[in-house]
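The values are calculated or read from the model by the stated rules, or taken from the named source; none is laboratory data. All of these numbers come straight from a predicted model, not from anything done at the bench. Ideal geometry is used to build each Cβ from the backbone, glycine not excepted, and the neighbour counts take in all protein chains shown.
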Amino acid sequence: MNTIFALPGSFTTADMLAVVWLFLSWFVIGWVIEHPPKDWPSVSILMKEHRREWMRQFVTRSPRIFDANILTTLREGTAFFASACLIAIGGGLALIGKTDQLAGVARQFDMDHIPALMWEIKIVVVLFFVANALLRFIWSHRLFGYCAILMGAVPNDITDPMAVPKALQAAEINITAAKSFNSGLRCVYFALGALGWLAGPLWLFIATTAVVGMNIRREFGSGSRRAILHRLN
């Protein structure tokens with residue numbers, strides 16, 4: 001029992017269980033958000049219909065500058081997070097090469113018995129989630145670009161039989177881009193949770209559990225979800 005609360009000098013059973021909990025939570029919460037119970041949809045699922053309705057209204061809106069501004073804002077958001085992830089990856093890689101600085105800080109907290117290799121493993125786990133987030137943000141940014149092109153291909157004539165189908169086609173690309181963006185955000189959340197491992201397996205377990213709780217509350221029990229549901233009714 002004391003092993004769980006200790007800060008071991010090598011990879012222990014407590015570390016293994018905490019890391020398994022981290023990755024299992026990341027996978028399961030992502031699946032639950034994208035495949036929620038039919039009678040209790042997540043915010044991500046509820047927003048899909050709003051995105052389709054946006055494209056339906058887009059067909060009849062003139063001029064369409066408002067829609068272009070919305071899409072630009074969405075792309076800027078993905079670009080911002082992608083840039084932040086790149087900076088974080090650079091900082092993490094630099095830190096791997098200077099684990100002696102971490103060891104110096106650790107000595108102040110009576111953690112000098114942790115070898116440098118263990119610090120590097122912990123940083124790599126954090127970088128895994130950050131790199132995953134970067135890839136998802138980049139793909140989301142590209143999909144929003146595809147969406148912009150598809151929106152530009154929607155006929156201005158609302159009587160054109162291809163107007164609505166092309167708009168809904170853009171909506172599906174928009175939904176896919178948003179799904180990738182939301183997945184990237186979850187990776188950022190779990191990267192922050194993975195930082196808890198720097199203090200030991202117990203703190204990794206606590207941080208991961210906190211991240212899971214935050215995601216569940218925001219997707220299934222937040223005030224924004226109630227507002228979205230109210231607008232749909």
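Any chance you could count how many residues in region 49-95 are in contact (Cβ under 8 Å) with a residue 40 or more places away in the chain and polar (S, T, N, Q)?
3
Hey, can you tell me all the residues within region 61-80 that are buried (at least 16 other Cβ atoms within 10 Å of the Cβ) and among the acidic types (Asp, Glu)?
67
Considering each residue of region 146-163, count those that are assigned to a helix (DSSP H, G or I) and crowded, with 17+ Cβ neighbours inside 10 Å, and give that number.
Matching residues across region 146-163 total 5.
If you take the residues in region 18-46 that are assigned to a helix (DSSP H, G or I) and among the aromatic types (Phe, Trp, Tyr), which one is nearest to the chain's Cα centre (by Cα)?
Out of the qualifying residues, it is 26.
So, of the residues in region 196-233 that are surrounded by fewer than 16 Cβ atoms within 10 Å (Cβ to Cβ), in contact with a helix residue (DSSP H, G or I) (Cβ under 9 Å, 6 or more places away or on another chain) and small (Gly, Ala, Ser), which turns out to be nearest to residue 149 (Cα to Cα)?
Only one residue tops the list, namely 224.
Is it fair to say residue 183 is out of contact with any Leu (no Cβ under 8 Å at 6 or more places or on another chain), modelled with pLDDT of 95 or more and of a type in the set (Ser, Thr, Tyr)?
The answer is yes for residue 183.
Test residue 126 against the stated conditions and say whether it is modelled with pLDDT of 85 or more, part of a helix (DSSP H, G or I), buried (at least 21 other Cβ atoms within 10 Å of the Cβ) and of a type in the set (A, V, I, L, M).
Yes; evaluated as a whole, the condition is true for this residue.
Taking region 155-169 as the search range and keeping residues that are in contact with a helix residue (DSSP H, G or I) (Cβ under 8 Å, 6 or more places away or on another chain) and among the charged types (D, E, K, R), which one is modelled with the lowest pLDDT?
It comes out as 157.
Can you tell me how many residues within region 24-46 are buried (at least 16 other Cβ atoms within 10 Å of the Cβ), out of contact with any Pro (no Cβ under 8 Å at 6 or more places or on another chain) and of a type outside the set (Val, Ile, Thr)?
Counting residues in region 24-46 that are buried (at least 16 other Cβ atoms within 10 Å of the Cβ), out of contact with any Pro (no Cβ under 8 Å at 6 or more places or on another chain) and of a type outside the set (Val, Ile, Thr) gives 7.
Quick grid of which residues meet (1) charged (D, E, K, R); (2) surrounded by 23 or more Cβ atoms within 10 Å (Cβ to Cβ); (3) without any contact (Cβ under 8 Å) to a residue 24 or more places away in the chain; (4) in contact with a Phe, Trp or Tyr (Cβ under 7 Å, 6 or more places away or on another chain):
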site: 134; (1), (2), (3), (4): no, no, no, no
site: 144; (1), (2), (3), (4): no, yes, no, no
site: 176; (1), (2), (3), (4): no, no, no, no
site: 180; (1), (2), (3), (4): no, no, no, yes
site: 190; (1), (2), (3), (4): no, yes, no, yes
site: 194; (1), (2), (3), (4): no, yes, no, yes
